1. What whole-number volume per residue, in cubic angstrom, does the convex hull of the C-alpha atoms of the chain give?
2. Counting only heavy atoms of protein chains, what accessible area per residue, in Å², does the chain have with a probe of 1.4 Å?
3. Under 17 Å between alpha carbons: how many lysine pairs meet that in segment 90-159, if sequence neighbours fewer than 8 apart on the same chain are excluded?
4. ARG15 to LYS48: extension gain in nm, 0.36 nm per residue of separation minus the Cα-Cα distance?
5. Considering only protein heavy atoms, with the full assembly of protein chains and a 1.4 angstrom probe, order TYR209, TYR103, TYR151, TYR43 by accessible area, largest first.
6. Quick one: if the Förster radius is 41 Å, what FRET efficiency do LYS218 and ASN243 give, using the C-beta to C-beta distance and rounding to 0.05?
7. Roughly what percent of Cα-Cα pairs across segment 1-71 reach past 18 Å?
8. Dimensions of segment 118-171 along principal axes (Cα, Å, largest first)?
Amino acid sequence: MIPKSHPRYLSLMKRERVIEFFDRGILAKAGLIAHGRGEAFDYILGEKTNDFAVKAIKAAASLLLLAEKPVISVNGNTIALAFDEVIELAKLLNCPIEVNLFYKTEDRIRAIKKFFEENRDKIKDIEINFGGDMEIPNLDSNRRFVSEYFYNSDVVLVPLEDGDRAEALVKMGKKVITIDLNPLSRTARTSTITIVDEITRAMPLLVKYIKEFKNKNKEELKEIIDSYDNKKTLEEALRFMSNRLAKLKL
Ligand code: ATP
Ligand code: MG
């Protein structure tokens, strides 16, 4: 048990969760490493949600509300850390969830299906796909196989995406929203909207703004999107990180 008073309580709890989902066979070994890289960037960000992330979250909420065929694409890490929020978003947007794994094995699919089965009350009425026969062009990995719905979607929310796939999705003409603690990653730089924040902080905020923005009209939402500049947001994130490092003293 990690005591709540531990100065790194939240971070350690997230590690425990990631390890638990690895042990259950839901998260891949490489997912553990990816989480560690994220932690390092979060340390530099001060482990809090910054202005540039809130701006991106508001633009993402607007884009998702205006989408005709939105979809949420999840991997093992996202299921481990933000399952409840993914479900809430799918309900709010009335959209399907697509499980897309970098290291796709029968065992992992089985472990994820078992987890969904244990949570069947939470996910009833939600469509969950495990991919399909449609292929994302310009992508070699097995992650190119998607459902027909995903193939035809216009806005994809992919927390924790890989650079190759983000690029291929944008090339298909999709609007891609990602959550990535590293503003320098290919995913961050190629996506339409990049939320530079930790997934467990960003997802509840995205849910909050979607609920709030449901009352806005189309023009207001469009204005939020039009005034959003992803390159600027990433530059702000980088500037924040470098300023913080420059100011830190031992
Ligand atoms: P890219 O494929 O986009 O070039 P990469 O190969 O460096 O990036 P990946 O291994 O694909 O990175 O994914 C790991 C990245 O995921 C980390 O660098 C981090 O930014 C992000 N990440 C990991 N865990 C979290 C988390 N909990 N919240 C937000 N982002 C995270
Ligand atoms: Mg990658």
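The values are calculated or read from the model by the stated rules, or taken from the named source; none is laboratory data. Everything numeric in this text was worked out from a predicted model, so none of it was measured. Cβ sites come from the backbone with ideal geometry, for glycine too, and all protein chains shown count toward neighbours. For accessibility, only protein heavy atoms count, side chains too; no ligands or nucleic acids. Shrake-Rupley method; radii C 1.70, N 1.55, O 1.52, S 1.80 Å.
1. Numbers: hull volume 33.8 nm³, N = 250.
Taking only Cα atoms, the chain has a hull volume of 135 Å³ per residue.
2. Per-residue value: 53 Å².
3. Values: LYS91/LYS122; LYS91/LYS124; LYS104/LYS113; LYS104/LYS114; LYS113/LYS122; LYS113/LYS124; LYS114/LYS122; LYS114/LYS124.
Final tally of qualifying lysine pairs is 8.
4. On the way: separation 33, 0.36 × 33 = 11.88 nm, distance 1.70 nm.
Additional length available on full extension: 10.2 nm.
5. Details: TYR209 25, TYR103 110, TYR151 75, TYR43 140 Å².
From most accessible down to least: TYR43, TYR103, TYR151, TYR209.
6. Details: r = 37 Å, r/R0 = 0.91.
After rounding, the FRET efficiency stands at 0.65.
7. On the way: 1478 of 2485 pairs.
In whole percent, the share of Cα-Cα pairs in segment 1-71 beyond 18 Å is 59.
8. If we take the Cα atoms of segment 118-171, the spans are 38, 23, 21 Å.
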